[in-house]
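Inspection log for the structure reproduced underneath, given as structure tokens.
Please treat every number below as a calculation from the coordinates, not as lab data. None of these values were measured; they are calculated from a predicted model. Because the Cβ atoms are built from the backbone with ideal geometry, glycine has one as well, and the counts that use them run over all protein chains shown.
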Amino acid sequence: MTRYATILGTGMYIPENEITNETFAQWMGEVNPKLAEVVFKFENSSGIKTRFYAPDDWATSDLATEAGKAAIADAGLTPEDIDLVIVGTDSPDYITPATSVVTQYKLGCVNAGTWDVGCACASFPTALTQAAGLIATNPHLKYILVIGAYMMHKLSDNKHDVTAFFYGDGAGAAVVGAADKPGFVSSSIKADGSYHKHWGIYSGGTYEPATVESVEAGRTKVRLLTPFPASVNHEGWPARVRECAANGGFELSEIDHIIFTQVNLNSIKLVMGNLGLPVEKAHYVMDKWGYMGSACLPIAFHDAVKLGKITSGMRVVFCGSGVGYNQAAACFIMP
């Protein structure tokens with residue numbers, strides 16, 4: 001019998017400390033009144049109205065653990081049932097060891113292996129594709145926990161750098177398991193490393209180990225050095241969705257819902273128009289929780305499921321892009 005992979009449960013976690021745009025503008029205004037004005041320009045263009053920060057003594061693995069617990073419970077499983085934990089993040093606890101192994105320990109998934117996926121906002125569809133392939137081809141694997149987690153605010157200068165406006169904390173998760181029918185349908189993965197110097201954290205690794213000078217200069221914080229052209233998302237997202245459809249042998253009109261990176265509502269509207277699909281088929285959450293990088297796709301997905309926007313039998317496409325840049329899409333039919 002053919003073995004397929006499907007999504008068995010979802011979960012999410014948003015911390016409690018809310019930082020509204022008004023609060024963020026106040027922080028920026030203390031440095032430069034003109035930056036405060038930029039905050040509200042960003043609100044109008046992005047649709048982001050607020051964001052939430054984790055406690056100061058938390059790490060990304062703490063967010064991932066809470067979302068993982070919720071997804072495991074939603075799937076009707078226990079931590080001991082999980083065979084593999086994959087964590088997608090570009091705000092890891094450490095350079096090494098992997099955030100996934102810390103999360104596995106905190107969750108109590110004592111029978112699971114782990115690894116990290118570091119594709120920024122493309123991490124969740126990338127990790128879902130990995131999980132689906134492993135489930136379909138390895139009968140000894142029954143349940144894989146895929147988590148997207150983000151705590152970039154701790155790696156940013158949120159009192160002086162206005163691009164920190166975008167960073168909210170959170171985590172989302174899904175349990176992927178075996179099924180007798182699809183499940184996973186197809187994927188599309190693309191990268192263009194020529195953009196690797198545009199946006200990132202450039203001191204603290206082997207390129208430039210952290211020094212007193214690099215810390216004082218702010219190079220161990222996340223920085224936008226060169227804006228990405230709008231075409232990266234506005235052309236890249238439709239290309240990934242179309243390739244995903246071609247690889248899966250279905251028409252765009254057969255897509256019931258698309259979950260995009262939650263960074264800009266206007267971009268989602270533009271891309272849905274490009275695809276000839278109604279914007280109602282693209283759930284968004286940036287207005288409620290801000291942009292959450294590696295976590296935003298699974299959080300938006302979980303929210304759409306719990307609101308009844310995504311139901312059994314629907315064809316759902318996940319499409320994400322992140323710094324580097326990486327892009328990925330994955331299609332699933334909901335069980």
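Name the pairs: first residue in the stretch 209-224 and farther than 21 Å from residue 167 by Cα, second residue surrounded by 14 or more Cβ atoms within 10 Å (Cβ to Cβ), Cβ to Cβ under 7 Å, at least 6 apart or on different chains?
Partner pairs satisfying both residue conditions: 210/203; 210/204; 210/220; 214/203; 214/220.
Counting just the residues of the stretch 295-309 that are crowded, with 24+ Cβ neighbours inside 10 Å and more than 10 Å from residue 261 (Cβ to Cβ), which one comes out nearest to the chain's Cα centre (by Cα)?
295
Give 48, 95 a once-over and let me know the one that is of a type in the set (A, V, I, L, M, F, W, C), over 21 Å from residue 117 (Cβ atoms), touching a residue at least 60 places away in the same chain (Cβ under 8 Å) and not in a helix (DSSP H, G or I).
Exactly one residue qualifies, and that residue is 48.
Scan the stretch 196-208 residue by residue and report those that are more than 22 Å from residue 166 (Cβ to Cβ) and surrounded by 10 or more Cβ atoms within 10 Å (Cβ to Cβ).
Hits for the stretch 196-208 are 205, 208.
Can you confirm whether the stretch 247-254 contains a residue that is in contact with a helix residue (DSSP H, G or I) (Cβ under 6 Å, 6 or more places away or on another chain), aliphatic (A, V, I, L, M), touching a residue at least 24 places away in the same chain (Cβ under 8 Å) and over 14 Å from residue 124 (Cβ atoms)?
Going residue by residue through the stretch 247-254, those that are in contact with a helix residue (DSSP H, G or I) (Cβ under 6 Å, 6 or more places away or on another chain) are 252.
Restricting the remaining residues to those that are aliphatic (A, V, I, L, M) gives 252.
Among the residues that remain, those that are also touching a residue at least 24 places away in the same chain (Cβ under 8 Å) are: 252.
When the remaining residues are screened for being over 14 Å from residue 124 (Cβ atoms), the result is 252.
Checked the stretch 247-254: at least one residue is in contact with a helix residue (DSSP H, G or I) (Cβ under 6 Å, 6 or more places away or on another chain), aliphatic (A, V, I, L, M), touching a residue at least 24 places away in the same chain (Cβ under 8 Å) and over 14 Å from residue 124 (Cβ atoms).
I'd like the full set of residues that are of a type in the set (S, T, N, Q) and within 21 Å of residue 299 (Cβ to Cβ), limited to the stretch 13-35.
Answer for the stretch 13-35, where residues must be of a type in the set (S, T, N, Q) and within 21 Å of residue 299 (Cβ to Cβ): 17, 20, 21.
Could you check how many residues of the stretch 198-257 are assigned to a helix (DSSP H, G or I) and either over 30 Å from residue 333 (Cα atoms) or not basic (Lys, Arg) (or both)? Can you show your working first?
Our first condition is that a residue be assigned to a helix (DSSP H, G or I); within the stretch 198-257, this holds for 212-216, 231-234, 236-248, 252-254.
Those still in the list that are either over 30 Å from residue 333 (Cα atoms) or not basic (Lys, Arg) (or both) too: 212-216, 231-234, 236-239, 241, 243-248, 252-254.
Total satisfying the criteria: 23.
Each row is one residue, and each column tells you yes or no for (1) surrounded by fewer than 17 Cβ atoms within 10 Å (Cβ to Cβ); (2) of a type in the set (Asp, Glu).
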| site | (1), (2) |
| --- | --- |
| 238 | no, no |
| 246 | yes, no |
| 251 | yes, yes |
| 254 | yes, yes |
| 260 | no, no |
| 264 | no, no |
